[in-house]
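To keep things clear, I will list the structure first and then write my remarks on it.
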Amino acid sequence: MTESKELKDGQYNDTQKKDHLAPKSKICGVAAIPGLEFRSKIVFAVCPHCSSTGATEVQSFWSIKNYLYCYYYGGYWGCWQLINGKDWTLKDAVHNCGSCKKLINHYNAC
């Protein structure tokens, strides 16, 4: 009832009441803020060091642990990757800022 009254009064654009519009880190289990969900490929992120926004530089390398899990426990490995929202690749990755070249995050495939 109070929401409809506010809408009728024209106060729905009130800048003081933006708590319901606060950013959420995940929406339906998917990362909604750039830079929170790193993968084994290039992602769009905000650098914590220089605050620049852009694509990360990625150095990927084989994960022996992930390779062995995939080889010996193929079906279980697939379920594990699916449940944890991981990539279907056997590579780990290091994400560096495109501007200052500093480390942003390290992605573990397993």
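The values are calculated or read from the model by the stated rules, or taken from the named source; none is laboratory data. In this text the structure is predicted, and so the values were computed from the model without any measurement. So basically every Cβ, Gly included, is an ideal-geometry build from the backbone, and we count neighbours across all protein chains shown.
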Q: Give just the number: which of (1) of a type in the set (V, I, T); (2) assigned to a strand (DSSP E or B); (3) surrounded by fewer than 17 Cβ atoms within 10 Å (Cβ to Cβ) does I42 not satisfy?
A: (2)
(Q) What are the pairs with Cβ atoms under 8 angstrom where one residue, in the range 77-104, is among the aliphatic types (A, V, I, L, M) and the other, located anywhere, is part of a helix (DSSP H, G or I) and at pLDDT 85 or above? Sequence gap at least six, or different chains. (A) L90/N66; L90/Y67; L90/C70
Q. Can you tell me which residue in the range 91-110 is surrounded by the fewest Cβ atoms within 10 Å (Cβ to Cβ), limited to those that are at pLDDT 85 or above and among the aliphatic types (A, V, I, L, M)?
A. L103
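For the range 60-74, which residues satisfy the criterion of being among the small types (G, A, S) and without any contact (Cβ under 8 Å) to a residue 12 or more places away in the chain? Full working, then the answer.
Within the range 60-74, the first condition is being among the small types (G, A, S), and the residues that meet it are 60, 63, 74.
Within the range 60-74, G74 is the sole residue that qualifies.
Only one of W80, W88 is surrounded by fewer than 16 Cβ atoms within 10 Å (Cβ to Cβ) and assigned to a loop (DSSP other than H, G, I, E, B). Can you tell me which?
Numbers: W80 fails: assigned to a loop (DSSP other than H, G, I, E, B).
So the residue among W80, W88 that is surrounded by fewer than 16 Cβ atoms within 10 Å (Cβ to Cβ) and assigned to a loop (DSSP other than H, G, I, E, B) is W88.
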